[in-house]
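The values are calculated or read from the model by the stated rules, or taken from the named source; none is laboratory data. Computed from a predicted model, the values in this text were never measured in an experiment. Here the Cβ positions follow ideal geometry from the backbone for every residue, glycine too, while neighbour counts run over all protein chains shown.
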Number of protein chains: 2
Amino acid sequence: MRAKSLPAVSVPTISEVAAAAGVSRATVSRAFTRPGMLNGETVARVLEVAGRLGYVPNQAARGLSTGRHGRIGLIVPDVTNPFFPPLIRAAQLHAEETDLCLFLGNSDEDAGREERLLARFAGQVEGLILVSSRLPDERIRAHAARQRVVLVNRDVEGLPRVLIDTAAGMAAAVSHLADLGHREVAWIGGPAASWSNSQRRDAVTAEAACRRLRLHVAPSARRPSFESGLDAVPFVLYAGATAVIAFDDVTAQGVMAGLAARGVAVPGAVSVVGCDDVTAVRTYPALTTVSSRGDEAGRIAVELLGDRTVPDVRRLLGTDLVVRATTAPPPVQPA
Amino acid sequence: MRAKSLPAVSVPTISEVAAAAGVSRATVSRAFTRPGMLNGETVARVLEVAGRLGYVPNQAARGLSTGRHGRIGLIVPDVTNPFFPPLIRAAQLHAEETDLCLFLGNSDEDAGREERLLARFAGQVEGLILVSSRLPDERIRAHAARQRVVLVNRDVEGLPRVLIDTAAGMAAAVSHLADLGHREVAWIGGPAASWSNSQRRDAVTAEAACRRLRLHVAPSARRPSFESGLDAVPFVLYAGATAVIAFDDVTAQGVMAGLAARGVAVPGAVSVVGCDDVTAVRTYPALTTVSSRGDEAGRIAVELLGDRTVPDVRRLLGTDLVVRATTAPPPVQPA
DNA sequence: CTGTTAGCGCATTCAC
DNA sequence: GTGAATGCGCTAACAG
């Protein structure tokens, strides 16, 4: 065969450039990879000819020879969940600075699909970033045994991972509500398989107990969404909670909309707290939330992927409570 | 050299599998690419050995030989703009179905950065999808001359492109407002270099003239954002507009927040219309907007990229007005 | 059905 | 400082 099945456009190879420039292929190669090794004039001439011909080194071929091609993969559960885009953006930007190309995978919150993406990327990438993976620990370990894997928001011992520690922020949120005088607080959780969810739930539960608040735990939804927040509103009202803490901002927005639709004032009658600070400034009233630093996590993950010297790091990113306009004292101050 | 600079993990090659299975390398290759060509038992045995060794075909090498590697690139101005994630998600999902791997690029609304991404992807991909490109036509043409390019929301003659025709929806929005009795309408635009923006602006202008509405055009912002909507509110109020049409939903959200902060009721005092329908259902009141079908555009773009037979298609995706709760008659009905 | 041979485009030893 | 030869891992002709 040889012929590209469907040559989009004739792409010159190193040989053609060499011929046109009157040098050997090795010289062309060096002009690109180690110009210092060549006569300045030669380099200039080769580069000129290459530019004129529109020559671009074939990364695949180069990679075959060097063993590195600079491609990495990033898999997220759902690109359309506003938590991920800032992380993706930061990862892509930093990848570019490091001369890396970034494959994006969307698992759609589905473990099977995540496995398939992993399989597709295998042998295509030098490393993989798994964000909020829905896979069981053993599967993650299995994949990590075959290739460099960095985890985000997933705490598997022995693997490099960057964790956004929302526990502190969530605890602060509970504390903030307690200070405001709330005694009845509702918790609207996220996906059960999520590390973030269990971490947040535990923090909220612990702090609530500590501050002697009554915590009403809403039945957990399969995936965090505006709808799951909306659906939880009857539960909140029925429970008589004067404040609700939601798994994330999107869920919190749903709660706010549901409350507004029923004429329940926020924060007059019910206070609302979100998490992630991705959509919070855009709501009205502006949502009190927990900062989340997804962008930082994305950047660090790419960094970690490149640094093979550290096999097992556990980077914890702290978070803070960002008080805005959806939290206030409850309607009737308890004794 | 040969040795991978930093062997993540020893990856077996086709030769090792062949040796272990007691067959030739070609047989191993066939077991993966054209199993029907081989004896069933042989295939089973090879696959078994391969699986045990953890063999994964090296795509780079395969691509070098076949001339196709199945990598495509997708460049967007800003992943964090909620219009793009659904498009990206659909593109990724469809790419996966077609056995393609998708590189993601984020130009950050910057032409220079977009050029750099293009350069990086060159020679790495079989085709490129440029979404809402910020590049001048001639640059796009130049790139299209070197590799297969599909455009989304950019109308360059001679290139395959899929366009979300929001003009119809925007015109319908103006008409809807006119029917409601509005006479003074404000338009808050988006980025000047954007095809979508000029298209929407023209549609709004034309329909406003047709329905004899006074159109107040706000000074255009560099990029569409919550802030640009927020900032436009004084202009809207000063102009005495009873309705505003924003470039997109995010901008509209900013307008709604700015209005709410000033105690101006929506839609009681001022009606608001957005565009894209990406964040609109999540607002309160739910935003009247123009549907946008970004997901469809993403899927079609990947399709078009694969179908090299059609060099110049112009797929127009229609849009509709989605009336929700932010539009109502103006406070005082004009004569 | 399966093994043999050759070459994809490039980076890299060696020689010169 | 530069050219010739070799092999990266794989697939596709061509035999058998």
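Find all pairs meeting these conditions: Cβ atoms under 9 angstrom apart; at least six residues apart or on different chains; first residue within the range A:85-106 and within 20 Å of A:SER133 (Cβ to Cβ); second residue part of a strand (DSSP E or B) and among the small types (Gly, Ala, Ser). Partner pairs satisfying both residue conditions: A:GLN92/B:GLY105; A:LEU102/A:GLY73; A:LEU102/B:GLY105; A:PHE103/A:GLY73; A:LEU104/A:GLY73; A:GLY105/A:GLY73. Would you check if A:ASP165 is closer than 22 Å to A:GLU296 by Cα, in contact with a strand residue (DSSP E or B) (Cβ under 7 Å, 6 or more places away or on another chain) and among the acidic types (Asp, Glu)? So A:ASP165 passes the test.
Selection over the range A:5-30 of residues that are at pLDDT 90 or above, surrounded by 15 or more Cβ atoms within 10 Å (Cβ to Cβ) and within 9 Å of DNA strand C (Cβ to nearest atom) gives a count of 9.
Those residues that are modelled with pLDDT of 95 or more and touching a helix residue (DSSP H, G or I) at 6+ places or on another chain (Cβ under 7 Å), I need them from the range B:207-228; list them, please. Passing the criteria: B:GLU207, B:ALA208, B:ARG211, B:LEU213, B:LEU215, B:HIS216. Of the residues in the range B:52-70, none is more than 11 Å from chain A (Cβ to nearest Cβ) and within 13 Å of the chain's Cα centre (by Cα).
Return the residues of the range B:40-55 that are buried (at least 18 other Cβ atoms within 10 Å of the Cβ) and in contact with an Asp or Glu (Cβ under 9 Å, 6 or more places away or on another chain); say none if nothing qualifies. Matches in the range B:40-55: B:TYR55 only. Might you let me know whether the range A:45-55 holds any residue that is modelled with pLDDT of 95 or more and aromatic (Phe, Trp, Tyr)? No: zero hits.
From the list A:SER15, A:SER107, the one residue that fits, being farther than 19 Å from B:VAL125 by Cα and in contact with a Leu (Cβ under 8 Å, 6 or more places away or on another chain), is A:SER107. For the range B:63-88, the set of residues classified as β-branched (Val, Ile, Thr) and either more than 9 Å from DNA strand D (Cβ to nearest atom) or within 16 Å of B:ALA297 (Cα to Cα) (or both) consists of B:ILE72, B:ILE75, B:VAL76, B:VAL79, B:THR80, B:ILE88, listed by residue number.
I'd like to know if the range B:196-214 contains one or more residues that are under 28 Å from A:THR283 (Cα atoms), in contact (Cβ under 8 Å) with a residue 40 or more places away in the chain and in contact with an Asp or Glu (Cβ under 6 Å, 6 or more places away or on another chain). Scanning the range B:196-214 turns up no residue that is under 28 Å from A:THR283 (Cα atoms), in contact (Cβ under 8 Å) with a residue 40 or more places away in the chain and in contact with an Asp or Glu (Cβ under 6 Å, 6 or more places away or on another chain). The strands (runs of 3 or more DSSP E) falling completely within the range A:216-329 that include 2 or more residues that are crowded, with 24+ Cβ neighbours inside 10 Å map to A:243-246, A:271-273. Among the residues making up the range A:51-69, those that are under 28 Å from A:VAL125 (Cβ atoms) and among the aliphatic types (A, V, I, L, M) are A:VAL56, A:ALA60, A:ALA61, A:LEU64. The residues of the range A:195-215 that are over 16 Å from A:GLY169 (Cβ atoms) and not in a helix (DSSP H, G or I), listed by number, are A:ARG212, A:LEU213, A:ARG214, A:LEU215. Being within 14 Å of chain B (Cβ to nearest Cβ) and either closer than 27 Å to B:ILE72 by Cβ or of a type in the set (Ser, Thr, Tyr) (or both) is the filter; apply it to the range A:31-51 and report the residue that is farthest from DNA strand C (Cβ to nearest atom). The extreme case among them is A:GLY51.
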